[in-house]
Amino acid sequence: MSQYYQTYYSTGEFAKLCHTTKETLFHYDEIGLLKPQIIKENGYRYYLSSQYFEFDFIKVLQEAKMSLKEIKEFMIQRNNENFVSILNEKYLQLEEEKKKIEKMQYRIQQSISMTKYGVETQHMVPFLEECPQEHLLTIALPDRTLSDREMMRYISEHFDYCAKHNINEELPLGTIIYRDQFLKRDYHENMYYVKIQQPMDDKQYYLKPQGTYATLLHEGFYDTIDDSFQQLFDFIDQKGYQIIGNAYEYEIHNYFTAQDMNHYLISLSVQVEKR
């Protein structure tokens with residue numbers, strides 16, 4: 001095999017062969033990662049064909065998220081055991097990165113679907129819809145109206161809980177009003193929730209039932225929501241239905257798409273059945 005890979009390349013030629021730049025090769029030389037095979041008295045540097053495979057290996061390790069320092073240390077003590085060990089470690093790191101990317105893709109796709117739903121659905125007009133069951137992760141709230149400071153603390157705690165438990169939640173945040181309270185026209189929230197993809201063994205897990213829901217897409221912020229809820233009550237009564245479940249508020253268009261809170265679009269829905 002000694003007769004193979006013995007061609008010499010100038011720095012420019014070798015950079016072109018490796019699809020990189022001369023500056024990259026100079027840097028690798030400076031840090032002792034990949035040195036030219038020959039440096040002549042006039043300063044010209046020459047690389048062997050065989051060094052192409054060293055450069056390619058460095059590139060593979062970089063793509064595996066290894067730093068140049070880590071790569072240099074590995075190259076010094078290269079052997080089968082170290083190779084397997086370090087690639088196993090990097091494989092696990094890439095799996096974590098993959099989960100983060102998938103989580104972001106899921107959020108983006110859900111945001112696209114939700115925004116389209118808000119654009120294509122009539123606003124401020126109640127309607128009936130059949131809804132599948134949904135998996136929610138909740139946080140219980142005190143039985144009183146919250147101050148803005150308290151509200152933000154609960155929201156922050158909830159998102160932090162999701163992050164620490166690696167829960168692939170869907171944004172934004174929703175709220176639940178218990179049925180008995182809702183029937184009394186008391187609209188302060190009892191729980192915050194985020195939608196999740198599947199059931200989980202957690203005390204904060206909540207299953208939103210499948211069934212018929214009376215829904216209205218409210219235009220505006222939460223401080224103007226009472227009239228829309230009353231409109232929903234009137235609609236339910238006129239259609240000959242009765243309320244059998246909790247009420248849900250969920251932002252369809254929010255800070256992602258609206259600069260002004262008065263342009264928010266909030267889905268108000270409650271489970272019903274024929275009387």
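The values are calculated or read from the model by the stated rules, or taken from the named source; none is laboratory data. None of these values were measured; they are calculated from a predicted model. Note that each Cβ is placed from the backbone with ideal geometry, even for glycine, and that neighbours are counted across all protein chains shown.
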Exercise. Select, from K239, K195, K208, K184, the only residue that is under 30 Å from the mean Cα position of the chain (by Cα), of a type in the set (K, R) and at pLDDT 90 or above.
Key: K208
Quiz item: Within region 218-259, how many residues are farther than 22 Å from I112 by Cβ, out of contact with any Phe, Trp or Tyr (no Cβ under 7 Å at 6 or more places or on another chain) and of a type in the set (D, E)?
Solution: 4
Quiz item: Restricting attention to region 27-39, does a residue exist that is among the aromatic types (F, W, Y) and exposed (fewer than 15 other Cβ atoms within 10 Å of the Cβ)?
Solution: no
Quiz item: What tally of residues in region 240-255 results from selecting those that are out of contact with any helix residue (DSSP H, G or I) (no Cβ under 6 Å at 6 or more places or on another chain) and closer than 22 Å to Q110 by Cβ?
Solution: 6
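This table checks each residue for (1) touching a His at 6+ places or on another chain (Cβ under 9 Å); (2) within 23 Å of Y187 (Cα to Cα); (3) of a type in the set (V, I, T).
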| position | (1), (2), (3) |
| --- | --- |
| E97 | no, no, no |
| Y106 | no, no, no |
| M124 | yes, yes, no |
| E130 | no, no, no |
| D148 | no, yes, no |
Practice problem: Evaluate region 110-122: report whether one residue or more is among the aromatic types (F, W, Y) and either surrounded by fewer than 11 Cβ atoms within 10 Å (Cβ to Cβ) or farther than 24 Å from Q197 by Cβ (or both). | Solution: no
Quiz item: Got at least one residue in region 86-103 being in contact with a Phe, Trp or Tyr (Cβ under 8 Å, 6 or more places away or on another chain) and at pLDDT below 90?
Solution: yes
Quiz prompt | region 258-275, subset buried (at least 16 other Cβ atoms within 10 Å of the Cβ) and either out of contact with any Asp or Glu (no Cβ under 9 Å at 6 or more places or on another chain) or of a type in the set (A, V, I, L, M) (or both), residue farthest from E189 (Cα to Cα) | solution = V272
Exercise. Test L25 against the criterion of being modelled with pLDDT under 95, in contact with a strand residue (DSSP E or B) (Cβ under 9 Å, 6 or more places away or on another chain) and within 25 Å of R78 (Cα to Cα), and give yes or no.
Key: no
Quiz item: What is the one condition in (1) among the polar types (S, T, N, Q); (2) touching a residue at least 40 places away in the same chain (Cβ under 8 Å); (3) not in a strand (DSSP E or B) that S156 does not satisfy?
Solution: (2)
Practice problem: Answer yes or no as to whether M124 is in the same structural domain as Y264 (by TED's automatic domain parsing), in a helix (DSSP H, G or I), of a type in the set (A, V, I, L, M, F, W, C) and more than 29 Å from K65 (Cβ to Cβ). | Solution: no
Practice problem: Tally the residues that are surrounded by fewer than 12 Cβ atoms within 10 Å (Cβ to Cβ) and either farther than 20 Å from K208 by Cβ or not assigned by TED's automatic domain parsing to the domain that holds A214 (or both), restricting the search to region 158-188. | Solution: 6
Quiz item: Out of curiosity, is F235 part of a helix (DSSP H, G or I) and either assigned by TED's automatic domain parsing to the domain that holds V125 or among the small types (G, A, S) (or both)?
Solution: yes
